[in-house]
Structures are given as structure tokens and as C-alpha cells.
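Heads up, the thing below is written out as C-alpha cells.
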Amino acid sequence: MSDSRPADDRARLSRLDALLSAERDGALDPDERAELDALLANDPAAPARRAAFAAADEALVALGREPLDEASIADGLEALRARTGREGSTAPSSGVQLDARRASWRHPVVPLLAGAAAAALMLFLAVSSTETVEAPRPRVAQVPAAIDTVDPLDAEDEMLDFDPELAIALPIALPLALGHGEGAELVPGVDDEDLAVISELDLLDFMAALEAQERG
Amino acid sequence: MQTPDPDVRLMLAFRDGDDDALSALYRRWAGPVQRFLERMVRERAMAEELMQETFVRVHGARDRYAGDARFSTWLFRIARNLALNELDRARNRTAHLSTDVPARDDERPPLTLIAGGSGVDDLAHARRERSRVETALEALPERQRTALWLAAVEGHSYAEIAAVLDAAPSSVKALVHRARANLADRLTGTSPAPRQSDTPMTEGSR
């Protein structure tokens, strides 16, 4: 934002603001007090600026002085006693973080990603249990019904512009990254080592074989 | 040595085993700390949790409390650090999943007024004014906002604010001045003018 006022004006206004602010805070020394008094007497805009500063402070004080109701204080005190009695004197609570993480898991995409991750894991287990990778069939029947909501092939189709290895690994890696490792709770048994193994599979061959089999 | 700050006396009493002293501190400071945190994190429920956490930290640090500074300075420093940590975590979560932004209190459906009358008009006007001030305050950089809040609402000195912000008192004076000028500009509808950087002033003592 440009300001067309001459530099001298801006410097004068800034100096006036500095003095008025210090006045509000009771931080003027005698020289500054005299300087401000002179500005207030000679600058027609200075009194209005002083009133604007006072109004801003009053608005802040009104926001800050809203009291908590007695019931909230009583509840808070009870909760504080319960927590400090239970946790001892030094252990900080992770309640805030946990609640926040729970909120992040409420996002609708997270269960879908978790489902995709579980399905991709089952595919991986199916492939690794056979000697050949030429004609694997996804053993969808082994995917628990509760999380069998996303077809891993659909997920792959939407990511064709990306590296196919990434397309398979991402549904597993993303929930883990999102939850700082908590994704493993939703996909039991998946850990960093599993991810490393999956990323080393020859997934191009796997996907090509799967596509050929789908065509008939 | 007799300390003049009654809150320090209460905290020292709590340190020495008087649990009622912590209750007294909570009754006095839960509200101001929560209002401060609401300005920091902009979400009432989170501010409540952080306020509770602030007092849990006070409880946990009681053995280390020396009483050599104003109690509220220490309290707001704890509260601010907790809020900054929480804001960092929120930013990280948002970076991971940009659509996962927690709902803010000000995004609740607007109050529907179904009756006329001066009482309702006054209430609506007060809500609009409050919202206007909150919006103007939120537009300030965090350090400016915190410095101004502690100066104008809590009456802290520049030196005390400097202790909360880990800053030099002289820079706090400039922070407060810029924050107050910005807020006044926004509330009066004046375009915030580019200002001379840190107009030098003799450091006053408060």
C-alpha cells in the first residue's frame, strides 16, 4: 500500500504515535511529555489521534476483562485438582495434542486413505506369498469388510501421472505421515520396514499383469 | 523480605504446601489467561484447554518458583509458549492436509435475531463491535498483538513484556507503539500508513 504523504508528514505522525502510545503506558519522560504537549497544542489532528488510541485501548480492555462464570471456574478447578493429583507434579498433559490429533482423524479422507492402505497391504501380502508376480489376483476377500471401501485399482487410476510405485506406497505412507506414525494403529502390523519392502517391489510388472488379467 | 505482589505471595505459599493458594491464583487468573489465549489461538475450546494446561505447568513448576518476578509475567510467558507450540502443531497438520483446518469460533452460524427492541439492537451492536475489534486485533502480527495486549489489558511494563517475549525493552516499546497505531487505524477505518521503523525514543521506565 503506497502512502502519498510526504516523508516529513509520515515521520511526524510516527513520532506523534510513539509519544501517544508511551503516554497510554505511562512511559513518558519529562522531555517527551513536553514534546507531546506541544504537538497536541499545535497539531489539529493530534487530539483525534489521541482519542483513537484511547478508544483502541478501551476496546481491548473490554475484550480482556470479560469474566469467566463461576461454574466454569469451579469446573476448571476440579479438573485441575484431578489432573495434578493423578499425573503428579511434573508430567505435562498431552491432552491438547491428543484432542487436536483426534480432530485431524475426523476428516473424511482419512478413513478412505486408511482403507486404501489396508487394501494395498493385503495385495502386497498376497503377492509376496506366491513365487511369481506374472498373474497375481488381488485377494480382496481377505480385506476386512469394515475397511474394504476403496478399490486400490481406483486409487491407482487417479494417480497415473505419478510414479506407479509411489501410487501404491502413498496410500500407506500418507496416513502414517499424517498421524506422525499413528496410522499404524489403523493398519495393524504396518511399520517403516514394511514400507521399505513395498517400495522395492517391481510394481510396474505387478500393475501390468493385473491390468492384463482384468481385460480377460 | 516482604514481596509487594500478592500473587507472588500466593505462589510462594502454594510452593510451601498451601493448596488453597493455587485455587486463589486460579480464580484470579483463569479468566485473563483464557482471554489472552483466545486472542492467540482464536478458538475458545482450545484456549480453555491451554489455560488448564498453563495451570498444570504452574503446579508442576512450583518447587522451582523463586518469586523474583511478577507472577503474571511468568504465567503469561507459560501461556504464550503453550499457545505458540499449539499453533506450530496446527500449522504442521495443515501442511499435511490442507483442508483439515479446525473450525473457528467466528465461523459459527451468525446469531439470528428474531425480535426487535432496543435490548436486541444493543446486543447486536455489541456483537458487531466485538467482532470488529477481534478482527482488527487478529490482523496484527503475533508479537505486536501480545505486546499490546499485555500493556493495555494487563498493565504490564515494557520490561515485563520483554520477559514474556524474550525481547529487549526498547523493542517492546516500539512493538506496542506500532500495534496501537495499527489497531487504531483499523478501528477508525484509516489505511495503516507505512511508518518510520522504530522511531527512536528515550526508553522510559514504567
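Read-outs throughout are calculated quantities, based only on the coordinates presented, and are distinct from any laboratory measurement. Every value quoted in this text rests on a predicted model; they were computed, and no experiment measured them. A quick note on method: Cβ atoms are made from the backbone with ideal geometry, for glycine too, and the neighbour counts reach across all protein chains shown.
In table form, for the structure just shown:
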item	result
Fewest-first ranking of B:VAL133, B:VAL56, using other Cβ atoms within 10 Å as the exposure measure	B:VAL133, B:VAL56
Shielding score for B:76-86, defined as the mean number of other chain Cβ atoms within 10 Å	1
Order of B:ARG89, A:ARG24 under a 10 Å beta carbon neighbour criterion, fewest first	B:ARG89, A:ARG24
